[in-house]
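Have a look at the structure below before the remarks.
The values are calculated or read from the model by the stated rules, or taken from the named source; none is laboratory data. Here the structure is a predicted model, which means the values were calculated and not measured. When we count neighbours, we look across all protein chains shown, and the Cβ atoms used for this are built from the backbone with ideal geometry, even at glycine.
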Amino acid sequence: MIDRTHRLQSVPYTIEDLRDIMAFLRSPEGCAWDRDQSHLSLRRHAVEEAYEVVDAVESGRPERLRDELGDLLMQVVFHARIAEENREFDFGGVVDGICRKLVSRHTHVFGVDLADSPEAVVDNWEKNKKMEKGLTDQASVMEDVPRTLPALMRSEKVQSKARRVGFDWTDVADVEAKVLEEFEEIKDARLHRDAAAVASEIGDLLFAVVNYARFLDVQPEMALNEATDRFTRRFRHVETSAANSGRQLVQMTLAEMDVLWAQAKQVEREKGL
């Protein structure tokens, strides 16, 4: 029983303990903040926790990954508790649902389908997913991709869905040409001072670059994050170098900062970054 007298226990907690703690936090005797939450108010927390799991994976630290997975699991239990209070579903229903999904979509393991490669497994999964959701055409499959995904990730998924029915480039050179074409269209829209067209063409360029990345087996979301990390790291070098010489960046010309930027890139090359 979890109540106000509860203290940290010496034996490992279980999933049932987690559910009991959440139920108590949501009770009149529990926590005002937890009681105030809803499915809608928790949306950003679920997204943040998922990204922190990814960050923990990339850190290579198992203990951090364990902690972040716990935070993500808490979001699942939190939503399940709210749903149970609203008589929508409960945690048991969540578990039952994912178990049924794993069985019904792994028909090459639990059924009669064959799949002797990871690619064939994905094909079976997509086929079964389409049947379960009643998606009758490929456009519906694309529309089923969540709009709340990061834009680069969503566009990559939509493109991959189109590829499954043959609507895709066959030569990477054609993709490269498309990227250059979209860039020229931005320049043309800018020359005509058409702000709406510029925004539209920039969107087309980003979509084309995602396509190019996909052809080169590069995950655009990860690639952009890594580029942002590099920029931030190099900017730190520029700012620190300027401070060491007794200057602030606002006192420097862009050409002077570019010299420090080149130094930052050289330092990274020497470190193998």
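Just to verify a result, which residue in segment 219-237, among those that are buried (at least 16 other Cβ atoms within 10 Å of the Cβ) and within 13 Å of LYS157 (Cα to Cα), is modelled with the highest pLDDT? The selected residue is PRO220. Within segment 51-69, the set of residues being assigned to a helix (DSSP H, G or I), over 19 Å from HIS39 (Cα atoms) and without any contact (Cβ under 8 Å) to a residue 12 or more places away in the chain comprises VAL54, VAL57, GLU58, SER59, PRO62, GLU63, ARG64, ARG66, ASP67. Does segment 189-217 hold any residues that are at negative phi and either surrounded by fewer than 13 Cβ atoms within 10 Å (Cβ to Cβ) or assigned by TED's automatic domain parsing to the domain that holds GLU52 (or both), and which are they? Matches in segment 189-217: LEU191, HIS192, ALA195, ALA196, ALA199, LEU216.
Quick check on VAL158: is it of a type in the set (A, V, I, L, M), under 19 Å from ASP204 (Cβ atoms) and in a loop (DSSP other than H, G, I, E, B)? No, not satisfied.
Residues of segment 1-50 that are among the aromatic types (Phe, Trp, Tyr), loosely packed, with under 14 Cβ neighbours inside 10 Å and assigned to a helix (DSSP H, G or I): TRP33 alone. Of all residues in segment 112-130, those satisfying the criterion of being surrounded by 13 or more Cβ atoms within 10 Å (Cβ to Cβ) and of a type outside the set (Phe, Trp, Tyr) are ASP113, ALA115, ALA120, VAL121, VAL122, ASP123, ASN124, GLU126, LYS127, ASN128, LYS129, LYS130.
Of the numbered conditions (1) modelled with pLDDT of 95 or more; (2) under 22 Å from ARG4 (Cα atoms), GLU29 satisfies every one except a single condition; which is it? Checking GLU29 against (1) modelled with pLDDT of 95 or more; (2) under 22 Å from ARG4 (Cα atoms), the one that fails is (1). When SER27, SER10, SER38 are screened for being in the same structural domain as PHE78 (by TED's automatic domain parsing) and without any contact (Cβ under 8 Å) to a residue 12 or more places away in the chain, only SER27 passes.
Each row is one residue, and each column tells you yes or no for (1) β-branched (Val, Ile, Thr); (2) in contact with a helix residue (DSSP H, G or I) (Cβ under 9 Å, 6 or more places away or on another chain); (3) surrounded by 15 or more Cβ atoms within 10 Å (Cβ to Cβ).
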{"site": "ASP67", "(1), (2), (3)": "no, yes, no"}
{"site": "GLN75", "(1), (2), (3)": "no, yes, yes"}
{"site": "GLY97", "(1), (2), (3)": "no, no, no"}
{"site": "VAL109", "(1), (2), (3)": "yes, yes, no"}
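Of the set (1) over 15 Å from ALA83 (Cα atoms); (2) under 28 Å from the mean Cα position of the chain (by Cα), all apply to TYR13 but (2).
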